[in-house]
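Enquirer: Below: one structure in structure tokens.
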Amino acid sequence: MVAKEFYTPEEYAAAKEADIAAFLTSIGYELTRAGHCRQGKLHDSLIIRDDGRWYWNSRGLHGNSSIELYKQILLNDFGYSDELAAAIAAIKQLAAGRGTYAVSDARLREPSARLPGESLTLPAPFRNNNRVMAYLCHFRGLDAEIARGLVKSGKIYESADYHNAVFVAFDKDGRPRNAFLRGALSKSGRAFKRDLDGSDKSYSFSLRGHPDSYRAYVFESAIDAISHATICKINGEDWRDGYRVSLGGTSFLGLDRFLAENPNISMIAACLDNDPAGVRASAKLADEYSARGYSVMRESPEHKDFNEDLLNLRERVNAQGFER
């Protein structure tokens, strides 16, 4: 049981009796009818029976509590990392019948935790992208032509307020649905990072491959995805041989939507970080998506991530005149 001072007995009773399938549908978490059950559209291993029992087979979870299921969805898909905060949010939101975070205690707030459907307001752009291009190409070592293409498409730009690099993911209709900020001025210390309020993390930042590409390279960050494309280009390879998808972490929510919208993909390369969390997530990705019929391989960076690999490569080949 979670701390009772953050909700009333009436709220807990209402949340306990909530129709979880109806609630999820109301906030845009898509479900499809499958006999006497509802099945997750993005997570097809999530099954909710009409009698309230549910199973999330890929994660080894099951139960009959609406609160517990919604808590798990908040933890797995919407940026919550604290179980207590997720449980309280689940009770408050289910009781209210809407996807709003209503906990008043500031120590339990998780600004990065949001639900789809909230409005996404992008920062105003600066009159040019000079500082962001310098950050991407000189500090991060990314290929200038690839970076310029992403800027031209609106997927990356420089904010007018703090000159942050803004990375934007769009839906199929060209509407921005997910955006995150990265500090472009600091070249030492801990860089500023923040997801924008109202972002829907089921929409992933991506680099498109050729129309007939059947391979998806999957990364934890947009910088790593662009770094991998840059490494391919330096090595004389066609970097458009596949799509490159950034998860914005290790949740597979963005990958699920990407695969649902790109049925031509049959092969997945797990290019997650070479650290304990990345190794665990890669193994989980291989198990889950191999079971769905995808051919999955692990492409691990030599160092911690592919941007570190790129910077090391730049040091070795800079004398040969490769563009910085």
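Each reported figure results from applying straightforward, stated rules to the coordinates on display, with no laboratory input. In this text the structure is predicted, and so the values were computed from the model without any measurement. Glycine also receives a Cβ, built like all others from the backbone with ideal geometry; neighbour counts cover every protein chain displayed.
Enquirer: For segment 25-46, list residues with backbone N below 20 Å from a point placed 7 Å from the Cα of residue 262 toward its Cβ?
Expert: 41-44
Enquirer: Tell me what the chain gives for mean residue ellipticity at 222 nm when only DSSP H runs of n ≥ 4 count, each as -39,500 (n - 2.57), the sum divided by the residue total, rounded to 500 deg cm²/dmol.
Expert: Only helices count here, giving -9500 deg cm²/dmol.
Enquirer: Separate question: Tell me, 271, 37 in order of fewest to most beta-carbon neighbours within 10 Å?
Expert: 37, 271
Enquirer: Just to be sure I follow the rule: in segment 165-324, considering lysines 8 or more places apart or on different chains, how many pairs have Cα atoms under 21 Å apart?
Expert: The number of close lysine pairs in segment 165-324 is 7.
Enquirer: So for 162, 243, 29, fewest C-beta neighbours within 10 Å to most, what's the order?
Expert: Fewest to most other Cβ atoms nearby, the residues stand as 162, 243, 29.
Enquirer: Here's a follow-up. Mind sorting 213, 206, 266 by how few other Cβ atoms lie within 10 Å of their own Cβ, fewest first?
Expert: 266, 213, 206
Enquirer: While we're on this one: I'd like the distance separating the alpha-carbon centroids of segment 212-261 and segment 127-181, in whole Å.
Expert: Between the Cα centres of segment 212-261 and segment 127-181 lies a distance of 16 Å.
Enquirer: Are there DSSP H segments in the chain that both extend 15 Å or more along their axis (alpha-carbon positions) and score a mean Kyte-Doolittle hydropathy of at least 0.0? List them, or say none.
Expert: Length and hydropathy pass: 66-77, 83-96, 222-234.
Enquirer: Let me ask you something else. Viscosity 1.002 mPa s, temperature 20 °C: Stokes-Einstein D of the chain from its Kirkwood Cα radius, in µm² per second?
Expert: 102
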